[in-house]
Amino acid sequence: MTTVVSPGKGAGSGELAEATSSNSSLRRFLHGLPGVDQVGAEARAAMLGTRSIKTTAKEFAIDLAIRMVDLTTLEGQDTPGKVRALSAKAMRPDPADPSCPQVAAVCVYPDMVAVAKETLGTSGVHVASVATAFPSGRAAMDIKLADTRDAVEAGADEIDMVIDRGAFLSGRYLEVYDEIVAVREACARPDGTAAHLKVIFETGELQTYDNVRRASWLAMMAGADFIKTSTGKVQPAATMPVTLVMLEAVRDFREATGQMVGVKPAGGIRTSKDAIKYLVMVNEVAGPDWLDPDWFRFGASTLLNDLLMQRTKMKTGRYSGPDYFTLD
Amino acid sequence: MTEKNVSTGSTAEETGTRAVDPRAAFEYAPAPESRAVVDIRSSYGLFINGEFTDPAGGRSFKTVSPASEEVLAEVAEASAEDVDRAVKAARRAYTKVWSTMPGRERAKYLFRIARIIQERSRELAVLESLDNGKPIRESRDVDVPLVASWFFYYAGWADKLEYAGLTTAESGPPQPVGVAAQVIPWNFPLMMLAWKIAPALAAGNTVVLKPAETTPLTALLFAEICQQADLPEGVVNIVTGAGETGRALVTHDDVDKVAFTGSTDVGRQIAKAVAGSDKRVTLELGGKAANIVFDDAPVDQAVEGIVNGIFFNQGHVCCAGSRLLVQESVAEEVLHSLKRRMSTLRVGDPLDKNTDIGAINSREQLEKIRELSDVGDEEGASRWSPACELPATGFWFPPTIFTGVTQAHRIAREEIFGPVLSVLTFRTPAEAVEKANNTPFGLSAGVWTDKGSRILWMADQLRAGVVWANTFNRFDPASPFGGYKESGYGREGGRHGLEAYVR
Amino acid sequence: MTPTPSVGSSARLDVRKTYKLYVGGAFPRSESGRSYEVVDHKGRFLANASQASRKDARDAVTAARKAFGGWSSRTAYNRGQVLYRIAEVLEGRRAQFVEEVTLSEGVSKKHAEAAVAESVDRLVWYAGWADKIAQVVGGANPVAGPYFNFSMPDPTGVIAVLAPQSSSLLGLVSVVAPVIVTGNTTVVVTSYERPLPAITLSEVLATSDVPGGVVNVLTGDAAEVGPWLASHMDVNGIDLTGVEDRELGRTLEESAAENLKRVLRPAPATDWSLAPGIERMTAFLETKTVWHPIGI
């Protein structure tokens, strides 16, 4: 994953820059995006869900999915022990099989970043930290920024911020935009690099696909590296149609600006079958360029073990059981 | 269709160890549905009076899989004599059993048939895809479920006819018409069978049905389902054959009702053939539907609707959205998205669960599509298809669009009945309506806009029997379907669909 | 009207009416210049009626097509009022119609009075249907999916009507009213031998808010004009009710097939005094079904 803040990122110039010049122009821009018909979007997602991925394609997809997992623990009961265990698993998901790839990142609360970082070392598995008063985002701006800086200082490679849904739903788009820009600046490190910024919409609270599309563009214009569906604390979390709309947004954003933005569905993806459906959707909607952990992630915890079980089934030809995989 | 892994300037750097080449394309391995579920006999007789019988003339024809040109079975060709036998069987069953049976008993037979269709759905889907060439995804997810639902829906009407609002001043509560002659096309073999047989039987008629000569197999499997359901003999008779058989059937003196789905030309011939008789007729014929996309459309769903509108079932759909009318201000954007989407369509083995576009149903139809497409070239329209590898055997045509088409082009006026879309533009809603209605057909139309009042205005103005707003190619047994003008008359589906089968 | 054998010095000479066609809201003579003699049931001369030609039929279809857009997009309530207005105006001219029906059909005055009264009542009956038929034959369809789906009737278009030959007024009203009340426009070929009430009805139509071209009335021979209407590609439906010759009925239906016209088959023996059903309306109504997704 690139760790250099690209200066041309987001709404750097032209039409998009103009759109962010005031709340009303931003509102006009976002409401000028094509609408999303719920039924049509859901039908398209359902159709993609009927793809049948077998044999070699399935092997490919399962390994890719493992590599895309942001192995997550975001609980009040998290302890250094728990985070260490999870980090160990992230690096060697299947102790019995060294050919098993490692996951993309471990995702924790800011206070656990240091622990995770210490365990993961130079393994290449990133540390992602939620920030900005996750999950509700209900805190003062300076607290959110301090939260972010803390996590970055503690060694977070990636920051998963939440947007202010209240501001978004009441139409204060510029406020949301400015906040993302500010958090992005707080992601900068003294050496000139920056932690990657994932922007969480909590789509379950935005309710409509029109809002998801608008939030996607808003975040991309503000310089998000990734757009992410959910905190995992609100139902519904990630769904196929929500992710579809976001994939359409990153596809369109690249066509408009040349910049690629990643997508991360998080919460509710528990089975290999589901993960493969998402990958099919990535492949056919955003395109194969997004079939890479740099551009697509799964925010998940239990998903990993199911992927491992399926992977073992593919390799051994017999069904495995939960006793053969670690519970961390 | 080959998945082109177009590298478009990803700047991602690789970090960490990667067990798999990250740039390997996500190639879907073949995922063929098993043929083993279906048992195709080497030869089939005619289903008359509850049993399979040999044709009087002893003639037969072959039905092939359009995807491979493999011969699937020999099928009996019914002569006029056989047709007469079938009509007599239907008449006997009508008089002695079916018309006098209480509606609630008829209903139970239809419910039983619906259930058997559900039970044997996989078998029906596979056989349909084999004989017709349509993707298994469609036969499995669209055709066969609709077939079952059609029987389920009309089963419920059988004992409620007096509530259907069809009581007339002259003849009181609805009565069955008698023996129905039903001739169906090859594009939705089983679904068209259901659309014809379910309402006919519910209303107390008996039927003689002729499936299309290129797709007789699922109708013959349906005959077996009738046997499994213990349907009284002669209530459903299935005579296989080509045009001559159909002619003998619709002109038979003892037929009371003719129902036909197919080309406008044949529909015209049938309408002429029954002129001056007492036969009732319903015709569901061709179309050249406009799919109208406004500048405020939900564009991603509109593109899906355009794709579904013209590439569903290889475009072998009478109500296909074969004329795209796109507002000039967004034409470029919509076409760009459409082409991108078309590049992900997967053409190939109909039995592969990932196939989006299957085989063209017959060599004859393929020739017709080629011929009209060539006319499109000659008339100066620009043809575009995505990069697409077509199988070496069988009948195939790539998904194709023509841009720069005007109303004067033949490809904008004639039904191509294949995966070929003609793209036209318009500037104002009035112009869209004018162009959409400027055709002798009037089966269906599509409208894509986020503005509610405009949808209702368009729906009111369009001269078409079905208007899909922000959707396309949706079907339901409760929803009347049928055309204006040369797209035919009568409705199938819903309460309206009963009207053709009662007097 | 009444034959006037001689003109005495004290008797006033009747001013006779010239019976013409009714096309596009005007009363032209036949473009062919032809007329034919109309006699009463005893063979006495009544009038010279215009004998419509194929070109008159063509002009009438053009007029009907031109009127279709406006008439079909009127509100149903408005069309109902217009039909009711026809009934009102007809009511006011009952005496004239009774006289014409008596002469044309050779029926008793009482019988003619009943026919005229029934004609008025039939118009009133159909007038009321204008804003009800859609609720009776249309409605919402409960499809299995997240779609709102409804069906509504839509007029078929331009309908040619070959009116009954014997029932000169009631039969005519009974075939014209159901066609136009739903928004169709029509070209009607009247009874050949008994055209006078039809022409007088045209005068009623012309003065009762019916837009020109909605009803076009051709007097003449259905066997001559009918085939031109049956084969006309801009006619969407044909009512053959008045055709008495079976063979003519068959050939007209055959011609009508050329553009898949909706055909109402011959029914010359219809007893027009009986209450009608809605079938004459539904015969020339299309069902339009509209789908729309339901979502947020």
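Points to keep in mind about this one:
- When B:389, B:332, B:371 are screened for being more than 23 Å from residue B:437 (Cβ to Cβ), at pLDDT below 95, out of contact with any Phe, Trp or Tyr (no Cβ under 9 Å at 6 or more places or on another chain) and not basic (Lys, Arg), only B:389 passes.
- For segment C:147-164, filtered to residues that are out of contact with any strand residue (DSSP E or B) (no Cβ under 6 Å at 6 or more places or on another chain) and more than 9 Å from chain B (Cβ to nearest Cβ), the residue that is farthest from residue B:496 (Cα to Cα) is C:164.
- For segment B:243-272, the candidate set comprises residues that are more than 9 Å from chain C (Cβ to nearest Cβ), part of a helix (DSSP H, G or I) and among the small types (Gly, Ala, Ser); within that set, the residue that is nearest to residue B:89 (Cα to Cα) is B:248.
- If you go through segment C:1-34 and keep only what is modelled with pLDDT of 85 or more and among the aliphatic types (A, V, I, L, M), you end up with C:11, C:13, C:15, C:21, C:23, C:26.
- Any chance residue B:500 is in contact (Cβ under 8 Å) with a residue 40 or more places away in the chain, aliphatic (A, V, I, L, M), farther than 26 Å from residue B:327 by Cβ and not in a helix (DSSP H, G or I): no
Residue-wise test of (1) within 17 Å of the chain's Cα centre (by Cα); (2) closer than 16 Å to residue C:188 by Cβ; (3) of a type in the set (Lys, Arg); (4) at pLDDT below 95.
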position	(1), (2), (3), (4)
C:52	yes, yes, no, no
C:57	yes, yes, no, no
C:64	yes, yes, no, no
C:73	no, no, no, no
C:77	no, no, no, no
C:83	yes, yes, no, no
C:89	yes, no, no, no
C:95	no, no, no, no
C:98	no, no, no, no
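- Filter pass, residue B:463 being facing chain C (nearest Cβ under 7 Å) and buried (at least 21 other Cβ atoms within 10 Å of the Cβ): no
- Filtered residue count, segment A:92-120, keeping only those that are at pLDDT below 95 and more than 14 Å from every other protein chain (Cβ to nearest Cβ): 2
- Taking each residue of segment C:171-182 that is over 20 Å from residue C:269 (Cα atoms) and looking for partners that are at pLDDT 95 or above and not hydrophobic (A, V, I, L, M, F, W, C) with beta-carbon atoms closer than 7 Å, six or more apart or interchain, yields C:180/C:186; C:181/C:79; C:181/C:126; C:182/C:153; C:182/C:155.
- Looking only at residues in segment B:466-476 that are facing chain C (nearest Cβ under 8 Å) and touching a residue at least 12 places away in the same chain (Cβ under 8 Å), the one that is farthest from residue C:290 (Cα to Cα) is B:476.
- Within segment B:406-423, being in contact (Cβ under 8 Å) with a residue 60 or more places away in the chain and buried (at least 22 other Cβ atoms within 10 Å of the Cβ) holds for B:412, B:415, B:416, B:417, B:418, B:419, B:420, B:421, B:422, B:423.
- Looking across B:214, B:206, B:167, one residue alone is among the polar types (S, T, N, Q), over 15 Å from residue B:259 (Cα atoms) and under 26 Å from the mean Cα position of the chain (by Cα). It is B:214.
- Among the residues of segment A:296-310, those that are in contact (Cβ under 8 Å) with a residue 40 or more places away in the chain and either in a helix (DSSP H, G or I) or within 14 Å of chain B (Cβ to nearest Cβ) (or both) comprise A:296, A:297, A:303, A:304, A:307, A:308, A:310.
- Some residue of segment B:425-446 being in contact (Cβ under 8 Å) with a residue 24 or more places away in the chain, among the aromatic types (Phe, Trp, Tyr) and farther than 29 Å from residue C:144 by Cα: yes
Every residue, every condition in (1) in contact with a helix residue (DSSP H, G or I) (Cβ under 6 Å, 6 or more places away or on another chain); (2) among the aromatic types (Phe, Trp, Tyr); (3) part of a helix (DSSP H, G or I), yes or no:
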position	(1), (2), (3)
B:128	yes, no, yes
B:146	yes, no, yes
B:153	no, yes, yes
B:159	yes, no, no
B:162	no, no, yes
B:198	yes, no, yes
B:214	no, no, no
B:219	yes, no, yes
B:233	no, no, no
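- Among the candidates B:305, B:287, B:321, B:315, residue that is surrounded by 24 or more Cβ atoms within 10 Å (Cβ to Cβ) and on the phi > 0 side of the Ramachandran plot: B:315
- Entirely in segment C:90-146, the helices (runs of 4 or more DSSP H) that have 2 or more residues that are more than 14 Å from chain B (Cβ to nearest Cβ) and closer than 19 Å to residue C:40 by Cβ: C:94-105, C:109-129
- Of the residues making up segment B:328-380, those that are within 13 Å of another protein chain (Cβ to nearest Cβ), within 25 Å of residue A:288 (Cβ to Cβ), in a loop (DSSP other than H, G, I, E, B) and not hydroxyl-bearing (Ser, Thr, Tyr) are B:345, B:346, B:349, B:353, B:354, B:356.
- Subset tally (residues that are farther than 21 Å from residue C:155 by Cβ, of a type in the set (Phe, Trp, Tyr) and at the interface with chain C (Cβ under 7 Å from one of its Cβ atoms)) for segment B:477-503: 0
- Residue check, residue B:155 closer than 19 Å to residue B:139 by Cα and either surrounded by fewer than 22 Cβ atoms within 10 Å (Cβ to Cβ) or not β-branched (Val, Ile, Thr) (or both): no
- Within segment A:279-291, residues that are facing chain B (nearest Cβ under 7 Å) and more than 10 Å from residue A:247 (Cα to Cα) sit with their Cβ atoms under 8 Å from residues that are in a helix (DSSP H, G or I) and of a type in the set (S, T, N, Q), at 6+ positions apart or across chains, in these pairs: A:291/A:283.
- In segment A:41-58, the residues that are more than 7 Å from chain B (Cβ to nearest Cβ) form Cβ pairs under 6 Å with partners that are outside any loop (DSSP other than H, G, I, E, B), at six or more places apart or across chains, as follows: A:42/A:241; A:45/A:240; A:45/A:241; A:45/A:244; A:48/A:280; A:48/A:281; A:49/A:277.
- The helices (runs of 4 or more DSSP H) found entirely in segment A:103-213 that carry 3 or more residues being within 21 Å of residue A:250 (Cβ to Cβ) are A:173-186, A:203-206.
- Filter result (crowded, with 17+ Cβ neighbours inside 10 Å and assigned to a helix (DSSP H, G or I)) within segment C:29-57: C:56, C:57
- Residue list for segment A:159-170, filter: free of Cβ contacts under 8 Å to residues at least 60 places away in the same chain and either among the β-branched types (Val, Ile, Thr) or surrounded by 17 or more Cβ atoms within 10 Å (Cβ to Cβ) (or both): A:159, A:161, A:163, A:164, A:165, A:167, A:168
- Selection over segment A:38-71 of residues that are touching a strand residue (DSSP E or B) at 6+ places or on another chain (Cβ under 6 Å) and buried (at least 24 other Cβ atoms within 10 Å of the Cβ) gives a count of 4.
The values are calculated or read from the model by the stated rules, or taken from the named source; none is laboratory data. Source: prediction; values computed, not measured. Quick reminder, even Gly has a Cβ in these numbers, built from the backbone with ideal geometry, and neighbours come from all protein chains shown.
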